[in-house]
Amino acid sequence: MKALAVFIMRGRLHAGGVVVVCAALALVLPPLAYLSAAGVGLVTLRAGAAQGLLVMGGAGAALALLGLLTLGGPALGIAYAVLVWLPVWGLAVILNRTGSLAFTMGCTALMGALLVSAVHLWSADPVAVWRTVLESGLRPALEQAGVAHEPAQMDQLLSDMARMMTALIAATMVISFCVSLFLARWWQALLYNADGFQTEFHALRFGRVFAPPVVVLVIAGVVAQGVMRQWLVELIAVVVAVYMFQGLAFVHRTVALRNAHRMWLVAVYGLLLVMLPQMSVALAIAGLLYSVGFTGAVSGDRPGNS
């Protein structure tokens, strides 16, 4: 990883090449999209917003040309530039100017909340829209795969998926942006400030000010009905995605302070891979409690320290 970061920082052509190649290969290996966005983030964090824009613009033009030659249109390059690179570039600019990882992640949550709200403002019933999309685009494939043998089972499956789509997309977006930004920040630390990212991540704490709004949001999501409840549940999914990283920071900090075996971290990430929804909620709750000081004794903080 360090060698790749060194190569990226050799110049704009090197950085753009890595960004484009990783983006193209991500069509086969999706996780490489994180490396692509992290390349933009690293240049922005180290060389500034203008250099990051130049790398992003050049990579977008190259990917658009590649898409035009292979796929018949420039949509691939445009989509990557707008939906993948630009948000990470913006977050890197914010992190550079504020120096606060917590504030930057709050901006990421705001992006997710704006996406959810835009969907609901665009359509009075997003679930019905998603149901129509899934009926035409996914139902034939599911029937061919034999996922559900009875029409009623298929209808129920599609209805459940339609209810989750907006939340899933928003939460995935938030997680993707955070992972790419963290990777860029880690690369920066590897090259210019050894252990800098570890220190920053261990110190990540959203604080008590955000806890009351989160609790109110959860309560409102429980008691609300209809479309409003759906909207609030989707916003809760965004909050869970952000606080999941706070929970991970708490776990890493606790393992480091107690000098515990690193297998604890392996176990947490392993469970996160196989039980993503359940572990995301569990880590988010731990992160929320840590933010308000309820887990200070476990992590090694003094009670009430914030």
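Along each principal axis of its Cα atoms, how long is the chain end to end? Whole angstroms, biggest number first, please.
58, 57, 36
Explain nothing, just the number: dipole magnitude of the chain about its Cα centre with +1 on each Lys and Arg Cβ and -1 on each Asp and Glu Cβ, in debye rounded to the nearest 20. Walk me through the numbers on the way to the answer.
Working: 16 positive and 10 negative charges, 217 e Å.
For this selection, approximately 1040 debye.
Counting C-alpha atoms alone, how compact is the range 101-172: give Rg to one decimal and Dmax as a whole number, in angstrom.
Over the range 101-172's Cα set, Rg and Dmax evaluate to 15.5, 49 Å.
Longest segment of the chain with no trypsin sites (Lys or Arg not before Pro) in a DSSP loop having at most 11 other Cβ atoms within 10 Å? Kindly include the intermediate steps, with their values, before the conclusion.
Working: sites that count: ARG10, ARG262.
Formally, the longest exposed-site-free interval is 11-261.
By count of other Cβ within 10 Å, fewest leading, how are SER291, SER136 ordered?
On the way: SER291 25, SER136 9.
Final ranking by Cβ density, sparse to dense: SER136, SER291.
For THR172 and MET228, calculate 0.36 nm times their separation in residues minus their Cα-Cα distance, and state this gained length in nm to one decimal. If you can, show how the numbers build up before the last one.
Numbers: separation 56, 0.36 × 56 = 20.16 nm, distance 2.14 nm.
Full extension of this stretch gives 18.0 nm more.
At 7 Å along the Cα-to-beta-carbon direction for both GLN144 and ILE219, put a label point, then send me their distance in nm to one decimal.
Distance between the two pseudo-spin positions: 5.1 nm.
Taking the beta-carbon count within 10 Å as an exposure proxy, list HIS14, HIS261 from fewest neighbours to most. Intermediate results must be reported in sequence, preceding the final value.
Numbers: HIS14 16, HIS261 10.
The order, fewest Cβ neighbours first, is HIS261, HIS14.
Using the membrane-span-like helix rule (whole DSSP H runs, Cα extent along the own axis of at least 20 Å, mean Kyte-Doolittle hydropathy at least -1.0), which helices of the chain qualify? Write down the numbers at each step before the final one.
On the way: long enough: 32-47 (23 Å, 1.42); 49-70 (31 Å, 1.70); 101-122 (31 Å, 1.66); 151-192 (58 Å, 0.93); 226-257 (46 Å, 1.36); 276-291 (22 Å, 1.43).
Helices meeting the span and hydropathy rule in the chain are 32-47, 49-70, 101-122, 151-192, 226-257, 276-291.
How would TRP85, TRP186 line up from fewest to most surrounding beta-carbon atoms within 10 angstrom?
Working: TRP85 29, TRP186 20.
Neighbour counts put them in this order, fewest first: TRP186, TRP85.
Principal axis lengths of the range 144-278 from Cα atoms, whole Å, largest first?
So the extents along the principal axes, rounded to whole Å, are 57, 40, 27.
Taking the Cα centre of the chain as the origin and placing charges on Cβ (Lys, Arg +1; Asp, Glu -1), which of VAL214, LEU110, ALA203 is farthest toward the positive end of the dipole?
My answer, from the dipole projection, is ALA203.
Kindly write out, for the range 139-144 in residue order, the coupling ³J(HN,Hα) from the Karplus curve 6.51 cos²θ - 1.76 cosθ + 1.60 (θ = phi - 60°), rounded to whole Hz, with x marking Gly and Pro.
After applying 6.51 cos²θ - 1.76 cosθ + 1.60, I find 4, x, 5, 5, 5, 5 Hz.
Which FRET efficiency, nearest 0.05, do ARG208 and ALA256 yield, Cβ-Cβ r, R0 30 Å? Walk me through the numbers on the way to the answer.
Details: r = 23 Å, r/R0 = 0.77.
For ARG208 and ALA256, the calculated efficiency is 0.85.
No value in this document is a laboratory result; all are computed from the given coordinates. Bear in mind the structure is a predicted one, so any value in this text is a computation, not a measurement. Here the Cβ is made from the backbone with ideal geometry for all residues, glycine too, and neighbour counts use every protein chain on show.
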